[in-house]
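Structure, as structure tokens:
The values are calculated or read from the model by the stated rules, or taken from the named source; none is laboratory data. Note that the coordinates shown come from a computational prediction; the quantities given were computed from them, not determined experimentally. For neighbour counting, all protein chains shown are included, and Cβ atoms are generated from backbone atoms with ideal geometry for every residue, glycine included. SASA here: full protein model, heavy atoms, side chains in, ligands and nucleic acids out. Shrake-Rupley method; radii C 1.70, N 1.55, O 1.52, S 1.80 Å.
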Amino acid sequence: MTIAHTWPGWVATGFLWFLALEFMMGAVTKFWPGPTFFGPAYSIKFAEWGWPAWFRFVVGGIEGVCALLLVIPFHEARFLGAAVLILVLTGAVVTHIINHHGPKESFAAPVHLAIMVIVALATWPTHWLDVLRPGQWT
């Protein structure tokens, strides 16, 4: 089911587009070879966090695909994007906790995690197999 064409529906759709833009921007910066406006290159950040430098491509690719899923106007697609982002963001939150980052560095991940949980709950499919049947999306 698509979001209703009322002003709350338009606000929700606009918010999802904003989130998708944020995650797409995050995906692009993970593929960027040098420093970004978020700080040093992600290849350096991932190595400092204890992850292999190439893992940024995996995370960036997942974020990009999920950003696209968030803007598809079907609850099942949005649920799938939010559910996968919950997994990625849980990893980000745990990484920030393990590395003892301060509030400035670790603020965005838990906030986005909470938002994705809300999106996943709001777009929860009627039956879990609906997510696996794209031709059946309503």
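At a glance:
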read-out: Accessible area (Å², 1.4 Å probe, nearest 10) - ILE72; value: 60 Å²
read-out: Most mobile listed residue (THR95, THR13, THR126) in the chain, GNM with C-alpha springs under 10 Å; value: THR126
read-out: Nitroxide proxy distance, nm - points 7 Å out along Cα→Cβ at VAL58 and GLU22; value: 2.5 nm
read-out: Residue-averaged [θ]222 nm for the chain, counting only DSSP H segments that reach four residues, each worth -39500 (n - 2.57); value: -22000 deg cm²/dmol
read-out: Distance from region 95-113 to region 1-75 (C-alpha centre basis), Å; value: 16 Å
read-out: Given the chain, longest segment not containing exposed loop chymotrypsin sites (Phe, Trp or Tyr not before Pro) (DSSP; at most 13 other Cβ within 10 Å); value: 55-106
read-out: 37 °C / 0.692 mPa s Stokes-Einstein diffusion coefficient of region 5-103, Kirkwood radius on C-alpha pairs, µm²/s; value: 227 µm²/s
read-out: Placed amide H near THR36: partners under 5 Å, 5+ positions off or other chain; value: ALA41
read-out: Max mean-square fluctuation residue, GNM over the chain, Cα-Cα springs under 10 Å, options LEU70, LEU19, LEU85; value: LEU19
read-out: Derived scalar couplings ³J(HN,Hα) [region 95-111; Karplus, 6.51 cos²θ - 1.76 cosθ + 1.60; whole Hz; x for Gly, Pro]; value: 4, 5, 5, 4, 8, 6, 6, x, x, 4, 7, 10, 6, 5, 4, x, 5
read-out: The chain, relative contact order [Cα under 8 Å, separation at least 6], %; value: 23 percent
read-out: Full-stretch length increase - ILE98, ALA12 - with 0.36 nm per residue and alpha-carbon distance subtracted; value: 27.6 nm
read-out: Percent carbon-and-sulfur accessible area, the chain, ignoring ligands, DNA and RNA, probe 1.4 Å; value: 78 percent
